[in-house]
1. Return a yes/no flag: does the range 101-114 have any residue that is of a type outside the set (D, E, K, R) and within 23 Å of Ser20 (Cα to Cα).
2. Are there any helices (runs of 4 or more DSSP H) wholly within the range 2-69 with 2 or more residues that are surrounded by fewer than 16 Cβ atoms within 10 Å (Cβ to Cβ) and in contact (Cβ under 8 Å) with a residue 40 or more places away in the chain, and if so which?
3. For Ala36, which of the numbered conditions (1) touching a Leu at 6+ places or on another chain (Cβ under 8 Å); (2) more than 21 Å from Val124 (Cβ to Cβ) fails to hold?
4. So Gly42 fits all but one of (1) out of contact with any Lys or Arg (no Cβ under 8 Å at 6 or more places or on another chain); (2) at negative phi; what number is the exception?
Amino acid sequence: MSSTYDWDLIERLLHEVQNSAGHSFTPRPYAEQHAAAQAADGQPVPDLDHLKARACDYEKLLLERGYIKSRSEEEGGNGENFVLTEHGSRLLSLIDSSIPGFEHPRQVLDEQADALDPDTFDEVASTTQIAGGAVQ
């Protein structure tokens, strides 16, 4: 059985982590903003309560699996915000929708049993097919 992730939502959360210095990381409002952006783009919007719960689950998963970590006080940390780890930065560079060809890495990740398993992610992220976010 494979795990399918909402890469758009994960991308949103990772961008928010990047910008969270000095304020708390709050996944539920980010999910609301994500839903509003989807609606503005004319995309169907999933159940908001489900989306908020998923955002909280993703925050926990990203933290437990080492894609994000607590931000130090020197970096604007307040005990409730994060920074991207090397894994988190690599993940964001693979799934970032502002980079041409981002669909292919997401497709390759979706083909894995669990793309966010750290060992699986390392293996996939290092393959030449998606290194640099494009087909080689």
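None of the figures in this text is laboratory data; all of them are computed from the coordinates on show. These numbers come from a predicted model, not from an experiment. Heads up, the Cβs are rebuilt from the backbone with ideal geometry, glycines too, and the neighbour counts pull from every protein chain shown.
1. Going residue by residue through the range 101-114, those that are of a type outside the set (D, E, K, R) are 101-102, 104-105, 107-109, 112-113.
So of that shortlist, the ones also within 23 Å of Ser20 (Cα to Cα) come out as none.
No, because not a single residue in the range 101-114 is of a type outside the set (D, E, K, R) and within 23 Å of Ser20 (Cα to Cα).
2. Numbers: elements: 7-18, 27-40, 48-64.
Output list reads 7-18.
3. Among (1) touching a Leu at 6+ places or on another chain (Cβ under 8 Å); (2) more than 21 Å from Val124 (Cβ to Cβ), the lone unmet condition for Ala36 is (1).
4. Condition (2) is where Gly42 drops out.
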